[in-house]
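The values are calculated or read from the model by the stated rules, or taken from the named source; none is laboratory data. Since the model is a prediction, treat every value here as computed from it, not as a measurement. Positions of Cβ are backbone-derived with ideal geometry, glycine not excepted, and every protein chain shown enters the neighbour counts. SASA here: full protein model, heavy atoms, side chains in, ligands and nucleic acids out. Shrake-Rupley method; radii C 1.70, N 1.55, O 1.52, S 1.80 Å.
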Amino acid sequence: MDGSRLREYWDWVAENSFHIRQSRPTVSDIYYRHIVVSLIEELTSGLWWRILKLDAYNEATSTQYGFHLLREGRDLVLVDISAGIAGRAAERAMEKNVYGSVHMIVGDFRRLPLRRDCFDMTCSFGSIEHVADYQRAFYEQIRVVRPGGEILVGVPNIANYSMRMLFTKILHILGPMRKVTNPERHFLPSQLLSMAKRLGLNSLVLSGYHLFPKQLRWLDLWLDSRGRNSMGKSRFFRWLLKTFTILEKCHPFTRNFAEMIIVKGVKRGGQGRELRSLEGEVESIEMLHSAT
Ligand SMILES: C[S@@+](CC[C@H](N)C(=O)[O-])C[C@H]1O[C@@H](n2cnc3c(N)ncnc32)[C@H](O)[C@@H]1O
C-alpha cells in the first residue's frame, strides 16, 4: 500500500477505533505495559538518552510504553504516519506531563526524515509488520541509531500457542478487526533473527513477550468499549493475567510461544558509512537480501 493510502487508513482508524477513544487503561493494558517496560530493562543497557520509537499508537492508547521509558534527561521521538494518532498521543503526553520530552513526527517509518546515527536506542513493538516492506522499516531503525546504539524490534509470533495468526486472520475476514488495525505479517523466531543478522546487527538476543492469550486481551478491550469493566473486576481474570506474567518473567523459554517475539541488536561501529544516500543504502540491503 502506498504512503497516502496508508495515511488515509490510519487517520480513519484514529477517528473510529474504540481503543484510541478509551479514557483509562484496562487491567490488561496495565499488565501489557509492565511486561514491555521490564523486558526493555532486561534486554538493554539503559544507557540511552535519545530514543526513537516507531509508531505513536501505544502512546495514543493506554499502554504508553514510550512514556514509561522517560527519565530525567531522556528524549523520546515518536514517528507515525497518521496525524490523528500522533495528535492523540500528543494530547496524552500533555495529560501525563511529559510533553516537553516527547517529540512527534508525522511521517513514514520506511523513510525516516532523520539523519543517520542520531539516536542512542531505537525501538518498535508491533510496528514493522504493518507494511509489506517491513525490512526497510527495520533498516531505517538501524540507520538512525549511532554506532554501538541498541535496536529493539518486536513482531507477532507465528509460533504463538494461542494461535494469534489464525485468529487475527479470522477476525479480519469477519470484519471487526478493520476498525483497529490492518492485516499484519507474522514471523517465526528464526526469521526475525536472520533478518537482524542480514542487516548486520551485533550481539543479538531473541526473546518474546505477552504470553497471556490474545483472545482474552481482545475480550478485555471489547468489554471496556461497551462500558463494562467486567474483566477488571473479575478476580479470576486478574489471577490469570498475574500467573501468565510470572510465568513469562520466571521461565524465559515460555516466551518462544508468546504473542510477540523481539530481537535486540547493537549497531556495529561505522556500519554503512560508505553509502551515500538512503536510496543507495536500501537498494544495497535489498540486493544483499536477494543474493542470499
Ligand atoms: C496497530 S498500530 C501498532 C500497535 C502497537 N505498536 C501495539 O503493539 O499495540 C500500527 C501503528 O503504526 C502506524 N503506521 C503504520 N504504517 C506506518 C508507516 N508506514 N509509517 C509510520 N507509521 C505507520 C499506524 O498509524 C499505527 O499507529
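So the values come out like this:
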{"read-out": "Anisotropy class of region 150-251 from Cα gyration tensor, a/c 1.5 cut", "value": "oblate"}
{"read-out": "Theoretical ellipticity at 222 nm over the chain - DSSP helices of four or more residues, -39500 (n - 2.57) apiece, nearest 500", "value": "-13500 deg cm²/dmol"}
{"read-out": "Surrounding net charge for Lys214, when Lys and Arg each add one and Asp and Glu each subtract one, Cβ distance under 15 Å", "value": "-2"}
{"read-out": "Within-10-Å neighbourhood charge of Ile158 [Cβ basis; K, R +1; D, E -1]", "value": "+2"}
{"read-out": "Relative packing of peptides 81-92, 3-14 - highest average C-beta neighbours within 10 Å first", "value": "81-92, 3-14"}
{"read-out": "Relative contact order of the chain, pairs being alpha-carbon contacts under 8 Å that are 6 or more residues apart, as %", "value": "20 percent"}
{"read-out": "The chain: DSSP helices with Cα axial extent of at least 27 Å and average Kyte-Doolittle hydropathy no lower than -1.0", "value": "none"}
{"read-out": "Cα gyration tensor category, rounded, prolate or oblate, for region 1-70 with a/c compared to 1.5", "value": "oblate"}
{"read-out": "Rounded if a/c under 1.5, otherwise prolate or oblate - region 217-267, Cα gyration tensor axes", "value": "oblate"}
{"read-out": "Heavy-atom accessible surface of region 210-262: percent carbon and sulfur, 1.4 Å", "value": "64 percent"}
{"read-out": "Heavy-atom accessible area ranking, 1.4 Å probe, most first, across Met231, Met121", "value": "Met231, Met121"}
{"read-out": "Solvent-accessible area per residue, Å², over region 3-291 with all protein chains present [probe radius 1.4 Å]", "value": "46 Å²"}
{"read-out": "Long pairs among Lys53/Lys242; Lys197/Lys249; Lys96/Lys267; Lys96/Lys179; Lys214/Lys267; Lys197/Lys264, criterion Cα-Cα beyond 22 Å", "value": "Lys53/Lys242; Lys197/Lys249; Lys96/Lys267; Lys96/Lys179; Lys214/Lys267"}
{"read-out": "Val77 long-range amide H proximity, modeled H, under 5 Å", "value": "Ile51, Leu52, Lys53, His103"}
{"read-out": "15 Å beta-carbon shell around Glu8, net charge (K/R +1, D/E -1)", "value": "-1"}
{"read-out": "Share of pairwise Cα separations in the chain, more than 37 Å, in percent", "value": "9 percent"}
{"read-out": "Burial ranking of peptide ranges 99-112, 56-69 (average Cβ count within 10 Å, highest at the top)", "value": "56-69, 99-112"}
